[in-house]
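Asks: Here it is: the structure, laid out below.
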Amino acid sequence: MLISMNNCQKVQDVILNFNSRFNEVEKINISFFTVPKLKSTPIDKHKVKELWVVLKGKGKVTKDNKEYLLNINDVFFIESEKEHFIVNTGKQSLSILSIWWES
């Protein structure tokens, strides 16, 4: 699921409402990763749910063989056990904040 400013959903709203949306989550983990221009992440699949916030750059996510374009301030949700990867399609590095939790 892509939540973007174009869909009237701001990153701040997602972060501020995180607790009310995920009140049964006992522990969340946060990491940060960068994808160099014209590079991609390896294909990934895991048990945790994940929320990506694009901090810089733009890219194309493939999740379950469907493609989604991401830009700065977009938020992207990845359900557990969904195969996914992202390609940096921009002219600069792509920076993503990743928030993940157990299902």
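What follows is calculated from the coordinates using simple rules that are stated; it is not laboratory data. All values derive from a computational prediction rather than experimental measurement. Please note: Cβ atoms are built from the backbone with ideal geometry, for glycine as well, and neighbour counts cover all protein chains shown.
Asks: Taking R0 as 22 Å, what's the FRET efficiency between GLU79 and THR34 from their Cβ-Cβ distance, rounded to 0.05?
Replies: Taking R0 as 22 Å, the efficiency between GLU79 and THR34 is 0.40.
Asks: Need the list of aspartates and glutamates near LYS45 for cross-linking: C-alpha distance under 13 angstrom, and skip anything on the same chain fewer than eight residues off.
Replies: ASP64, GLU79, GLU81, GLU83
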